[in-house]
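Since the structure comes first, as structure tokens, the remarks are kept for the end.
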Amino acid sequence: MVPLTSLKRTYTLIRLCILLCVQPWTVLWTFGSGPDGSADTGSKYPMMQCEACGSPGCNHISGQDLLTRKLQRTHIPDKPNYSLNLWSIMKNCIGKELSKIPMPVNFNEPLSMLQRLSEDLEYSDLLDRAACCESSLEQMCLVAAFSVSSYSTTVHRTAKPFNPLLGETYELDRLDAYGYRSLCEQVSHHPPAAAHHVISQRGWTLWQEITIASKFRGKYLSIMPLGAIHLQFHSSGNHYVWRKVTSTVHNIIVGKLWIDQSGDIEIVNHKTKDICQLKFSPYSYFSRDIPRKVTGVVSDSAGQAHYILSGTWDDKMESAKIIQSSRGSSEGKQKTVYQTLSPKLLWKKYPLPENAEKMYHFSSLALTLNEPEEGVALTDSRLRPDQRLMEDGRWDEANAEKQRLEEKQRAVRRRREADAADALDEEYEGYQPLWFTQRRNSITGEINYVYKGGYWESKDKQDWRMCPNIF
């Protein structure tokens, strides 16, 4: 007979392990893009106008563009209502390291972390509009809204994505519909790291490498994304760099899981030296502030404030142009008081699709991410069998496939380690990603994985001979 205290301790370890495996999960993996790229014309706030064309957005779409767009799916099979036998999991934990405990797909959603990372592009129209701006300060406002929009789907998405296998890739080719091509690759497994590169015909390039640090603090888990996000606009050369805030998963031990975002983001335009300071306020039961509040100030290189930003990370962001500032005091503290014009809407979250709660609370973009496509690389997440089986509702088969793939990856790693040991004093190169290579960044001084080219050319030729057999 197993003592009850031991069962409780094992259950706690299992739940913690589940969340630690989720590392990339709550954070980065969501920047949104509405299915039609349209603005929220029903809002009482006007959209920020671009100085280049004087319109709320210069992402104009021609009739020919609409004809060439591929229709994407709008639903996936409903999530099955499977019960979870925790006792069967506990039995599998006996004598095993936490990292080697086979976690069932019941804790997952049918997307990989690479696909979640690609959700950064859900509101890519913000960058299209920003590319048309002549004012770098106005452009900064839209870049800041884009950085906030990445968290908009984390409110309901408490399930974790599949951890990518080493060498797994994911492409998101929306050249015809939205003007960009995106590629992600899992470049390291220990520690887990993913590289991401996006180039848009509408005037911008974005790239990032993300790793995760996490700390368990008793009742909650803090997840800290490491790595800088780079965004460069082609016409102006404006180069923006920022990092993500801390995500906190509450009720680790007992209760319903919920997620909060807190901390500061500093966005720097390294060409003009403009700066945006964003503050994500942590949730407090005793606070009178609205939940998930985000505030910010956009300043020029001399430190003079020009715009006030406000909103929430799960709904919308607005900007207000500063026309006057003065020093004041509140509760004995000196504060700067700004007088502004009426706020303008920068970004508004798109409503979730109908019956989203039955489809893992996926957004319209998320519903399309695992849709089968012809011609993708043999390492693409769409071809991952356990993930596909889970989406189809065949969870028992998905669990068996998941264990097979994880064991196959361990076997490959053991062979690689043995080859390194056999090399002794000889130089051993080790694993090298296919599409990304390490370079020192001239701005941050960090060594990051950056896209080295060749993927889209290989796709055009349908030459995937270099791809490893990871599935």
Inset, instruction - Apply 1/(1 + (r/R0)^6) to the Cβ-Cβ distance of Gln403 and Ser135, taking R0 = 56 Å, and write down the FRET efficiency to the nearest 0.05. - result: 0.55
Inset, instruction - Place a label point 7 angstrom from the Cα of Gln201 along the Cα-to-Cβ direction, then list the residues of the range 350-383 whose backbone nitrogen is under 14 Å away. - result: none
Legend entry - the range 177-243 - Kirkwood radius from inverse mean 1/r over Cα pairs (Å): 13.7
Legend entry - Computed magnitude of the charge dipole of the range 93-259 (debye, nearest 20; Cβ of K, R +1, Cβ of D, E -1): 920
Inset, instruction - May I ask you to compute the full-extension gain from Asp422 to Lys461, defined as 0.36 nm times their residue separation minus their alpha-carbon distance, rounded to one decimal in nm? - result: 10.3 nm
Legend entry - Stokes-Einstein diffusion coefficient of the range 206-353, Kirkwood radius over Cα pairs, 4 °C, 1.567 mPa s, in µm²/s: 73
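Once you've got the Cα coordinates, tell me which of Lys219/Lys358; Lys256/Lys293; Lys279/Lys344 are over 25 Å apart.
Over 25 Å Cα-Cα: Lys219/Lys358.
Assuming 1.567 mPa s and 4 °C, estimate D for the range 93-259 with Stokes-Einstein, Rh taken as the Kirkwood radius over Cα pairs, in µm²/s. Intermediate values should be presented prior to the final figure.
Numbers: Rh = 17.6 Å.
In µm²/s, the coefficient is 74.
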Inset, instruction - Return the FRET efficiency for the residue pair Glu373, Tyr338: r is the Cβ-Cβ distance, R0 is 60 Å, and the value is rounded to the nearest 0.05. - result: 0.80
Inset, instruction - State the extension gain, in nm to one decimal, for the chain segment bounded by Gln438 and Arg288, taking 0.36 nm per residue of separation less the distance between their alpha-carbons. - result: 49.3 nm
Legend entry - For the range 310-426, average projected area of the Cα convex hull in nm²: 17.6
Legend entry - At R0 = 45 Å, FRET efficiency that the Cβ-Cβ distance of Val268 and Asp396 yields, to 0.05: 0.35
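Per residue, how much accessible area does the range 93-259 show when a 1.4 Å probe rolls over the protein heavy atoms, in square angstrom?
Per residue, the range 93-259 has an accessible area of 29 Å².
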Legend entry - Taking the C-alpha atoms of the range 300-368, convex hull volume expressed per residue in Å³: 157
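The values are calculated or read from the model by the stated rules, or taken from the named source; none is laboratory data. Just so it is clear, the structure is predicted and the values come from calculations on it, not from any experiment. Note that each Cβ is placed from the backbone with ideal geometry, even for glycine, and that neighbours are counted across all protein chains shown. These accessible areas exclude ligands, DNA and RNA; they are computed on the full protein's heavy atoms, side chains included. Shrake-Rupley method; radii C 1.70, N 1.55, O 1.52, S 1.80 Å.
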